[in-house]
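The values are calculated or read from the model by the stated rules, or taken from the named source; none is laboratory data. Computed from a predicted structure; not experimentally measured. Heads up, the Cβs are rebuilt from the backbone with ideal geometry, glycines too, and the neighbour counts pull from every protein chain shown.
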Amino acid sequence: KMAQSALFIIFGGTGDLAYRKLYPSLFRLYEKGYLKDDFAVIGTARRPWTDEHYHEVVMNAIADDGHESDRTNSELAHKFASHFYYQSHNVNDTEHYVALRNLADKLDAKYNLKGNRIYYLAMAPRFFGTIAGHLKSEKLITDHGYNRLIIEKPFGRDLQTAKDLNDAISAAFSEEQIYRIDHYLGKEAIQSIAALRFGNEVIGSLWNKAHIDNIQITLAESLGVEERAGYYETAGALRDMVQNHILQIVSLLTMEEPKAYTASELRDRKVEALRNIKIYSPEEALQNFVRGQYGEDADHEQLDYRHEEGTDENSQIETFVAGKLETESPSLAGVPIYVRTGKRLAQKSTQISIVFKDLKQNIFANSESDTKLAQNVLTLFIEPDQGYRFDINVKSGEQSYGVMPIHLDYHKSAAKKAKVPEAYEKLIHDALDGNRTNFAHWHEVAQAWRIVDVVRKTWDKQDADFPNYVSGTMGPEAAEELLRRDHRTWVYNP
Ligand code: NAD
């Protein structure tokens, strides 16, 4: 591992994301030696902070993340924080970019940064265009090093706004310079999907329409909207979870095999996979997508969504989505993909189930115990649990010849899990490396919007019957019916 030289300019340096994710991730990269002496960070936001205050904030962020009391005061933390500079900055003020450029050039010389710059926009997307434009016009973009722009979701609120946003940032940065964060792509168990599919003869050879009956993806949260009602009221679960995280997972599960595990191969296969997802007509959207909004829990202790702080009392925003997707990919055509996500569900868990077909012939059917064989299911646990479960049939152990299902289970131990780098740490590391494998390409983002836009527009035309599920359950009855009508059930049923 080579230490990298780079200047980070973080827009939104006083914000929640910077504090909880960016500063701790940068520190871990520093601890591991990916960042050493040749790096500096400029934090910008409107507040007038001093460098000293900024150092304290960075040190607190490290301490809060590590839960280690002496971590803030360690020599390493002090040394790390000394690389941080604060610049008060209003993103709409051209003069401020001149000041920023002067500081950037000064730090470049001081820390030997070779003109390498990473601009991290940890701010609301409505500022992205303005910032990118000024970075170019005020010549912060260097001509002798690399210049990379990292941006956060949400990337638009439909295809049109996403296009506008993309046009605005593309006026200053090329696609190769843009790193769109989808932090699910930084998760270990999501990155492992490719290894599982393309690193195993047994699994790879069964991963097709001849053997797979259906695929199920669940991103369940147990919490409600918490403090994010302001944002959530403008988004909803379809935009917040399905357009990005769920469709990224769908693309990894349904893409054809890449020739090699490289960013460009993977991107081409993922774009293809998303283009193979059927775009529904409005009628099909209504048949294949279910929306929900949480009510109180069974004990009337938790508030329903419409009574949460900051929500509209007649809110039409969905806190739950379930859908059935159809793919026309050559190897999986006809295999339904059921997806669901929601807040205030029974349990916090992200998991994927690959349900294999019934055996064509059951030779045990006429034996004394008249056994019905359970389907083989391969489950991928993404979080908080990380692991795999494979359901297979074996002899039941009774005198008569019965067959019963058992689980082959692997769960990463807490110690192993603790060693896995956190998503943001991995993604920032990749951005430093110039590796775009785990970032979303514009074509992926655009296609994902095409898939969800028709659902959104169809829903927007009629009032929803909300609230329609009890907090602490797995969503509205219609989400069960979505599978039942296909003679299937959700594998994950806490
Ligand atoms: P935040 O509100 O905590 O921080 C916003 C930052 O922008 C602050 O530093 C604020 O001072 C700065 N800012 C606002 N207006 C400004 C202006 N005119 N000029 C200069 N600075 C200005 O937001 P956040 O939670 O840190 O989120 C930042 C971005 O990351 C958003 O796009 C959000 O959607 C995305 N995001 C956040 C999280 C998270 O966990 N917080 C997760 C995923 C995506």
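Would you point out the residue of the range 109-134, among those that are buried (at least 21 other Cβ atoms within 10 Å of the Cβ) and closer than 18 Å to Ala40 by Cα, that is farthest from the chain's Cα centre (by Cα)?
Within the range 109-134, the match that is farthest from the chain's Cα centre (by Cα) is Leu113.
Kindly check whether there is at least one residue in the range 198-210 that is surrounded by fewer than 21 Cβ atoms within 10 Å (Cβ to Cβ) and within 23 Å of Asn435 (Cα to Cα).
Checked the range 198-210: at least one residue is surrounded by fewer than 21 Cβ atoms within 10 Å (Cβ to Cβ) and within 23 Å of Asn435 (Cα to Cα).
Restricting the range 174-186 to residues that are within 18 Å of Ala448 (Cβ to Cβ) and of a type outside the set (Phe, Trp, Tyr), which is farthest from the ligand (Cβ to nearest atom)?
The extreme case among them is Glu175.
Step by step: first the residues of the range 285-310, then only those that are within 30 Å of Ser251 (Cα to Cα) and in contact with an Asp or Glu (Cβ under 9 Å, 6 or more places away or on another chain), then the one that is surrounded by the fewest Cβ atoms within 10 Å (Cβ to Cβ). Which residue is that?
Filtering first and then ranking leaves Asn288.
Could you check, for the range 217-235, whether at least one of its residues is surrounded by 22 or more Cβ atoms within 10 Å (Cβ to Cβ) and away from the ligand (no atom under 16 Å from the Cβ)?
Yes, there is a match, as at least one residue in the range 217-235 is surrounded by 22 or more Cβ atoms within 10 Å (Cβ to Cβ) and away from the ligand (no atom under 16 Å from the Cβ).
Restricting the first residue to the range 118-138 and requiring it to be under 19 Å from Asp182 (Cβ atoms), which pairs with a second residue that is of a type in the set (A, V, I, L, M, F, W, C) and near the ligand (Cβ under 7 Å from one of its atoms) meet a Cβ separation below 6 Å and a spacing of at least six or different chains?
Taking only residues 6 or more apart or on different chains, the pairs are Leu121/Phe11; Ala122/Leu17; Ala122/Ala18; Met123/Phe11.
Which one is modelled with the lowest pLDDT, of the residues in the range 408-463 that are small (Gly, Ala, Ser) and surrounded by fewer than 15 Cβ atoms within 10 Å (Cβ to Cβ)?
Ala418
Residues in the range 193-215: is at least one within 16 Å of the ligand (Cβ to nearest atom) and either under 21 Å from the mean Cα position of the chain (by Cα) or under 29 Å from Glu480 (Cβ atoms) (or both)?
No: the range 193-215 contains no residue that is within 16 Å of the ligand (Cβ to nearest atom) and either under 21 Å from the mean Cα position of the chain (by Cα) or under 29 Å from Glu480 (Cβ atoms) (or both).
With respect to Phe80, is the statement that it is of a type in the set (Phe, Trp, Tyr), in the same structural domain as Ile141 (by TED's automatic domain parsing), within 16 Å of the ligand (Cβ to nearest atom) and under 30 Å from the mean Cα position of the chain (by Cα) true?
Answer is no for this residue.
With the condition kept exactly as written, say whether any residue in the range 83-92 is within 13 Å of the ligand (Cβ to nearest atom) and either over 28 Å from Glu56 (Cα atoms) or touching a Leu at 6+ places or on another chain (Cβ under 7 Å) (or both).
yes
Which members of the range 471-489 meet the condition of being surrounded by fewer than 19 Cβ atoms within 10 Å (Cβ to Cβ) and not polar (S, T, N, Q)?
Gly472, Glu477, Ala478, Glu480, Glu481, Arg484, Arg485, Asp486, His487, Arg488, listed by residue number.
So which pairs qualify, if the first residue must be in the range 1-27 and among the β-branched types (Val, Ile, Thr), the second must be at pLDDT below 95 and within 12 Å of the ligand (Cβ to nearest atom), the Cβ gap must be under 7 Å, and the two must be at least 6 apart or on different chains?
Thr14/Arg47
Scanning the range 151-177 for residues that are of a type in the set (Val, Ile, Thr) and touching a Leu at 6+ places or on another chain (Cβ under 7 Å), which turns out nearest to Glu95 (Cα to Cα)?
Ile169
Can you name the residue in the range 109-135 that is near the ligand (Cβ under 10 Å from one of its atoms) and outside any loop (DSSP other than H, G, I, E, B) and is also farthest from Leu22 (Cα to Cα) among such residues?
Thr130
Table: residues versus (1) surrounded by 21 or more Cβ atoms within 10 Å (Cβ to Cβ); (2) at pLDDT 95 or above; (3) aromatic (Phe, Trp, Tyr); (4) within 16 Å of the ligand (Cβ to nearest atom).
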{"position": "Ala18", "(1), (2), (3), (4)": "yes, yes, no, yes"}
{"position": "Leu26", "(1), (2), (3), (4)": "yes, yes, no, yes"}
{"position": "Asp37", "(1), (2), (3), (4)": "no, no, no, no"}
{"position": "Ala45", "(1), (2), (3), (4)": "yes, yes, no, yes"}
{"position": "Ile62", "(1), (2), (3), (4)": "yes, no, no, no"}
{"position": "Asn102", "(1), (2), (3), (4)": "no, yes, no, no"}
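List the number of the failed condition for Glu52; all other conditions in (1) crowded, with 19+ Cβ neighbours inside 10 Å; (2) farther than 17 Å from Phe8 by Cβ hold.
The number of the failed condition is (1).
Let me confirm something: among Gln351, Gln375, Gln386, Gln399, which residue is over 20 Å from the mean Cα position of the chain (by Cα) and within 29 Å of Val202 (Cα to Cα)?
Gln375
What number of residues within the range 1-16 are buried (at least 16 other Cβ atoms within 10 Å of the Cβ), within 16 Å of the ligand (Cβ to nearest atom) and not β-branched (Val, Ile, Thr)?
Final tally of qualifying residues: 5.
Looking at Val202, Val271, Val250, can you tell me which residue is over 20 Å from Gly475 (Cα atoms) and in contact with a His (Cβ under 6 Å, 6 or more places away or on another chain)?
Result: Val271 is the single residue among Val202, Val271, Val250 that is over 20 Å from Gly475 (Cα atoms) and in contact with a His (Cβ under 6 Å, 6 or more places away or on another chain).
Which condition breaks for Phe364 when tested against (1) crowded, with 17+ Cβ neighbours inside 10 Å; (2) under 30 Å from Phe289 (Cα atoms)?
(2)
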